[in-house]
Amino acid sequence: MSNKPKLTIDGLLAELATLAKISEAEPPVVTRVVFSDADLRARAYVKSLCVEAGLAVHEDAIGNTFARWQGSDGELAPVGTGSHIDAIPNAGLYDGCVGVLGGLEAIRVLKKLGFRPRRSIELVIFTAEEPTRFGIGCLGSRMMARVLSPEQALALRDKEGRGIEKLRTQCGFEGTLESVELPAGRFHQFVEMHIEQGPLLEQEGIDIGLVTAIAAPASLRVVIEGEGGHAGGKLMPGRKDALAAAAELILALEEAAKSSGAIDTVATVGVCDVFPGAVNSIPSRVRLETDIRDIDGARRDRVIDALKTACTDVASRRGVAIRIDVVNADPPATCDPAILAAMETSATEAGRSYRRMVSRAYHDSLFMARIAPVAMLFIPCRGGVSHRPDEYASPEWIGGGVHVLARTLARLAS
Ligand code: GLV
Ligand code: MN
Ligand code: MN
């Protein structure tokens with residue numbers, strides 16, 4: 001491309017703001033759990049923008065959405081871009097949405113400039129990148145790459161005990177779950193734009209992060225069965241308090257991550273359900289959901305082992321029963337050098353500063369990497385804040401990302 005793309009950032013910002021208002025919570029809080037009414041309304045909005053942009057839209061049986069700009073050579077596999085529009089409870093408006101609406105904006109800019117892609121460019125909106133509903137992240141891309149089989153997907157339940165089959169068909173997603181799987185080669189290459197969700201780019205005053213590897217997330221569910229009873233009547237000796245046992249495990253996990261020897265090791269207990277949950281009743285059952293990550297899979301697994309050892313120790317000392325289920329333990333992904341090189345050239349041409357970095361958050365690209373060469377493009381976010389309503393990326397940062405993404409897509413699709 002000889003001309004610099006002219007970015008209509010005002011329109012994109014207005015679309016991001018409109019999408020943010022499609023929420024289960026009061027603005028500025030964004031909560032958009034997969035297959036909720038807000039999720040369906042958000043999908044409808046984004047699809048309408050894709051149709052308006054002249055893209056051919058279709059959905060698969062789990063609701064992954066594909067919006068294609070047809071290239072001049074229909075025989076060639078498309079270049080993909082995109083991300084997700086679901087949002088965890090109490091989230092902000094940029095996580096995922098910047099990659100979807102920013103990807104669409106990049107396509108519109110290229111169209112406006114009269115660019116004609118040889119390969120098709122396909123925007124993908126993945127179903128349920130967030131694990132909120134079914135406890136497992138990247139549902140749509142996981143199924144595309146068949147890291148999660150249809151049988152495993154059918155066994156998933158939300159908190160109310162509802163399964164995927166009923167929910168997805170109620171939402172109008174038809175066809176067999178088998179058909180969600182995509183073969184390697186279905187996409188020639190895939191590039192995902194996302195906010196960094198960390199502080200480095202902003203701190204260093206750098207416009208673009210070129211992501212070389214995506215950390216390996218693992219999620220373990222721990223259920224502790226103790227013995228309930230009256231909080232006044234039952235004396236302290238001999239108690240089997242499931243929550244006190246859980247507290248020990250939470251601290252053991254924190255210690256295992258802190259002492260791994262690497263800053264890239266992180267571990268979090270984000271869910272703690274206490275039964276029966278009454279102030280004057282000794283907790284008899286606790287369910288913890290843990291999130292353990294590293295860019296080094298073996299080091300991540302050592303933290304998992306430390307948690308398992310702590311479970312055995314706490315169970316025998318406190319006389320409680322502890323069950324651990326591994327919900328997922330995914331390997332890290334390495335990004336494709338050719339796409340990284342294309343992004344680097346594009347950033348240079350666009351006059352944007354850049355650095356290489358790893359992604360400590362997971363993304364659908366982690367699973368797309370199983371079926372296509374992938375890379376990710378990060379833009380800064382204020383204070384590294386994400387998964388909070390005050391998440392923020394400036395128009396300048398978003399504009400820079402769209403500019404570099406547009407140039408990268410043009411390069412890859414030529
Ligand atoms: C994705 O939202 C993650 O938790 O990394
Ligand atoms: Mn997220
Ligand atoms: Mn995300």
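Here are some notes:
- Number of residues in segment 159-186 that are assigned to a loop (DSSP other than H, G, I, E, B), touching a residue at least 60 places away in the same chain (Cβ under 8 Å) and open to solvent by less than 70 Å² (accessible area, probe 1.4 Å) equals 6.
- Exactly one residue out of ARG411, ARG317 is more than 28 Å from ALA262 (Cα to Cα), basic (Lys, Arg), without any contact (Cβ under 8 Å) to a residue 60 or more places away in the chain and outside any loop (DSSP other than H, G, I, E, B): that is ARG317.
- Test: residue in segment 389-398 that is closer than 30 Å to GLU75 by Cα and either at pLDDT 95 or above or crowded, with 16+ Cβ neighbours inside 10 Å (or both): no
- Any hit, segment 206-223, residues being of a type outside the set (Ser, Thr, Tyr), away from ligand 1 (no atom under 16 Å from the Cβ) and in a loop (DSSP other than H, G, I, E, B): yes
- Exclusive hit being crowded, with 23+ Cβ neighbours inside 10 Å and under 19 Å from GLU24 (Cβ atoms), set ILE121, ILE125: ILE125
- In segment 19-101, counting only strands (runs of 3 or more DSSP E) that sit wholly within it, the ones holding 3 or more residues that are crowded, with 24+ Cβ neighbours inside 10 Å, within 18 Å of the chain's Cα centre (by Cα) and in contact (Cβ under 8 Å) with a residue 40 or more places away in the chain span 79-84.
- Screening the candidates ILE164, ILE195, ILE208 for the property of being among the hydrophobic types (A, V, I, L, M, F, W, C) and within 16 Å of ligand 3 (Cβ to nearest atom) yields one hit, ILE195.
- Any hit, segment 350-359, residues being farther than 15 Å from GLU196 by Cα, assigned to a helix (DSSP H, G or I) and open to solvent by 20 Å² or more (accessible area, probe 1.4 Å): no
- Residue in segment 241-252 that is open to solvent by 50 Å² or more (accessible area, probe 1.4 Å), among the acidic types (Asp, Glu) and within 30 Å of ALA213 (Cα to Cα) present: no
The values are calculated or read from the model by the stated rules, or taken from the named source; none is laboratory data. Not measured: the values here are computed from a predicted model. FYI the Cβ positions are ideal-geometry reconstructions off the backbone, even for glycines, and counts take in every protein chain you see. Remember, those area values only see protein heavy atoms, side chains included, never the ligands or the DNA or RNA. Shrake-Rupley method; radii C 1.70, N 1.55, O 1.52, S 1.80 Å.
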